[in-house]
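Since every read-out is calculated from the coordinates, none of them should be taken as a lab result. Everything numeric in this text was worked out from a predicted model, so none of it was measured. Methodologically, a virtual Cβ is constructed for each residue, glycine included, from the backbone with ideal geometry; neighbour enumeration extends over all protein chains shown.
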Amino acid sequence: FAEMGVEHIIAVGPSGQFLIEGARLAGAKSAHHVGMDEDIAGLVKGFLDDRGWVLVKGSRSMRMERVVEALSKAD
């Protein structure tokens with residue numbers, strides 16, 4: 001992950017733990033698993049600076065559009 005420039009990984013939901021375990025085995029230094037009800041956008045905003053990029057990937061059932069909407073709002 002580091003060689004691709006990925007600094008933080010956040011996985012959501014019951015299966016997300018498997019992704020985090022794999023990411024850590026692949027050398028990810030910052031990998032977090034969160035439940036469905038946690039403030040994911042708040043966690044992500046804590047990592048961002050003015051140069052940051054965020055990839056939000058998830059199925060429609062995970063309702064990741066709520067994360068995108070929260071991240072898009074100006075503080």
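A few points about this structure:
- Given charges at beta-carbon only (K, R positive; D, E negative), |dipole| of the chain in Debye: 180 debye
- Translational diffusion coefficient (Stokes-Einstein; Kirkwood radius from C-alpha pairs) of the chain at 25 °C, 0.890 mPa s, in µm²/s: 188 µm²/s
- Shown here for the chain: GluC sites (Glu not before Pro) in loop regions (DSSP other than H, G, I, E, B) with at most 16 other Cβ atoms within 10 Å, namely E7, E38.
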